[in-house]
1. All but one of (1) open to solvent by 20 Å² or more (accessible area, probe 1.4 Å); (2) within 16 Å of ligand 2 (Cβ to nearest atom); (3) farther than 20 Å from T386 by Cα; (4) out of contact with any Gly (no Cβ under 9 Å at 6 or more places or on another chain) hold for I236, so report the exception by its number.
2. Which residues, counting only those in region 174-193, are within 21 Å of E108 (Cα to Cα) and either part of a loop (DSSP other than H, G, I, E, B) or within 16 Å of ligand 2 (Cβ to nearest atom) (or both)?
3. Just to be sure before I move on: is R85 farther than 27 Å from R251 by Cα and open to solvent by 50 Å² or more (accessible area, probe 1.4 Å) in the structure I sent?
4. Please find, among G289, G226, the residue that is within 16 Å of ligand 2 (Cβ to nearest atom), touching a strand residue (DSSP E or B) at 6+ places or on another chain (Cβ under 7 Å) and open to solvent by 10 Å² or more (accessible area, probe 1.4 Å).
5. How about region 212-254: which of its residues are touching a residue at least 60 places away in the same chain (Cβ under 8 Å), more than 18 Å from Y269 (Cβ to Cβ) and in a loop (DSSP other than H, G, I, E, B)?
6. Can you list residue pairs whose Cβ atoms sit under 9 Å apart, with the first residue in region 395-406 being free of Cβ contacts under 8 Å to residues at least 12 places away in the same chain and the second being surrounded by fewer than 18 Cβ atoms within 10 Å (Cβ to Cβ)? Count only pairs 6 or more apart in sequence or on different chains.
7. Against the conditions (1) part of a strand (DSSP E or B); (2) more than 16 Å from P295 (Cα to Cα), where does T386 fall short? Just the number, please.
8. Residues being at pLDDT 95 or above, surrounded by 17 or more Cβ atoms within 10 Å (Cβ to Cβ) and out of contact with any His (no Cβ under 9 Å at 6 or more places or on another chain): count how many of those fall in region 412-424.
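The values are calculated or read from the model by the stated rules, or taken from the named source; none is laboratory data. Bear in mind the structure is a predicted one, so any value in this text is a computation, not a measurement. So basically every Cβ, Gly included, is an ideal-geometry build from the backbone, and we count neighbours across all protein chains shown. Heads up: the accessible areas ignore ligands, DNA and RNA and are worked out on the full protein's heavy atoms, side chains in. Shrake-Rupley method; radii C 1.70, N 1.55, O 1.52, S 1.80 Å.
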Amino acid sequence: MKILVMGSGGREHALVWKLRQSPRVTKIYCAPGNGGIADEAECVPVDVKSLDSMVELANHIQPDLTVVGPELPLMLGVVDEFTRRGWRTFGPTRAAAQLETSKSFAKEFLQRHRIPTAHYAICDSAEQVRDALPHFHTPIVVKADGLAAGKGVVIAKNKDEASTAANEMLSGRMLGEAGSRVVLEEFLEGDELSFLVVSDGERVAPLVAAQDHKRVGDGDTGPNTGGMGAYTTRDIVDDQMREWLLAHIARPVVAGMKAEGAEYKGVLYCGLMMTARGPMVLEFNCRFGDPETQPILMRLESDLVEAMEASIDGRTSDGDFKWSNDAAVCVVMASGGYPGSYEVGKKITGLGDAGKLEGVKVFHSGTSKCEGAFYTSGGRVLGVTTRAAELQTALQRAYEACAKISFDGAHYRKDIAARALRKK
Ligand code: AMP
Ligand code: GLY
C-alpha cells in the first residue's frame, strides 16, 4: 500500500515513522517533507497552499491513503477534493475543519451544544469591542477568528491592552484576513491538556492525552511558540476523567457536527484547560498536534494505518488504539531567536550519537540535508523524543540526547514535564 503524508514538520516525521511500521505499507511519500523525513520516506515537492498542486501530485502518485498533517490543506478542502476523485484520505472535510479554521464558529458551536468553554463575545468592529469589554474581568484573551499560525492569541492584562490588540487585528495590519473578526474571551486558569480522538463521523477512539509547553522559556515565560515540548504518561488523566472528556466533550462534538450536516472524520484535537470549574475547551484543531504527536505515537503499539482506515470507512471503535504504559517525552530544540526572527542553514552535529541512546528517536521539524549533513531550516528544528517505563528516565535520556546535539544558536526548555514531576 502506498501512503502520501502531507506536511513538513516533526508531526509529519512522527506520522511517517509510525505508518512505516505497518506491515501493509510498501511505500511512503512525504510532501514536501524535510531533511530527516527523507531518510524514511520519499520526499516530493508540493505547494500545500495550493489545491491544484496537491491534486497534481496525487494524480502522479495514486496513493492508497493520504494523511494530511497541517490545517491549511484541510481548510482548502483537500479531503473533499481527494475523496471526490476517489483517493482515500484521512481527515475532516473543509466544512468540518471549521472547528479549527474559525474560532467564532467553534465558540458558537460549543454554546449551541452546551459543551464547556470560556465566556466570549464575537466582534466585527471597534464599536462591538468597546461595547463588549465592560462585560469582562481582566485579564482578557483576544483571539483572531481565522488561522494565524499560533500568532492569533493575545492575553491582555487590562481593557486598554485588549482594545488595542483587538483593533490591531480588526484593522488587518496584524494578521490580514484572519483578524477581520475577533473573539474576546474570559481568561481561564489551570493546566492545559491536549486530548485527541479519532472519529469516523459518529464514534470516537481516544488517543492518550498529552501536555504541550507553549511558551518559549522555562517556567512558562516569554512569548508563545508552536510548542517547545510535550509529554504523555499513563496517569496524565485517569480512567474516570477520560470517560468524562469523552462523554462531555469529544462525543458531543462529533454528534453535534453530524447533526449540523458537517460530519467530522479524522483527528479531533481538543485543547483543554483543566480549571477549578472542570475541563473547558480552549480551542479545537482538526489535525494532530505538534509536538504532542511525537510522544503520543511513541506510545502507540497498534497499527496506525488500520485506525485511519477505520475512520475513513465509518468503523471506528473504542479499542482502535493499543498503548504502552510507558511515559514519553519530546523536547524541541529551536533556532536562536525563535519564535522571533532566526537564521537558518546552521550545521547540526551529534545526531548520530543522540539517536544511539536507548529509547531515543529524534524527529526532524525544520532540517534540510546536504551531502550527508543536516542543516537547520526552520524555527523548531528537532523534537528529541524518548520513551521509558518511568517519566524521570524518559526525561533524563531526552536531555542526555539534547546535550549531544548542537547547532549555532540552539535552545530548548529544561523543564519539560516538570509540572508532572511536582505532582508526584
Ligand atoms: P488557542 O490558539 O486558542 O489554543 O490559544 C493559544 C494559547 O493561548 C492556549 O494554548 C493557551 O495557553 C492560551 N489561551 C487561549 N485561550 C485562553 C483562555 N481563555 N484563558 C487562558 N489562556 C488561554
Ligand atoms: N501543539 C499545539 C498545536 O499543534 O496546535
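1. That leaves (3) as the condition not met.
2. A178, S180, R181, F187, L188
3. Taking the combined requirement at face value, the residue satisfies it.
4. G226
5. Once the filter is applied, which keeps residues that are touching a residue at least 60 places away in the same chain (Cβ under 8 Å), more than 18 Å from Y269 (Cβ to Cβ) and in a loop (DSSP other than H, G, I, E, B), region 212-254 yields D218, G219, T233, R234.
6. That search, which allows pairs on different chains as well, returns A403/G350.
7. The one condition T386 does not meet is (2).
8. Summing the residues that are at pLDDT 95 or above, surrounded by 17 or more Cβ atoms within 10 Å (Cβ to Cβ) and out of contact with any His (no Cβ under 9 Å at 6 or more places or on another chain) in region 412-424 gives 1.
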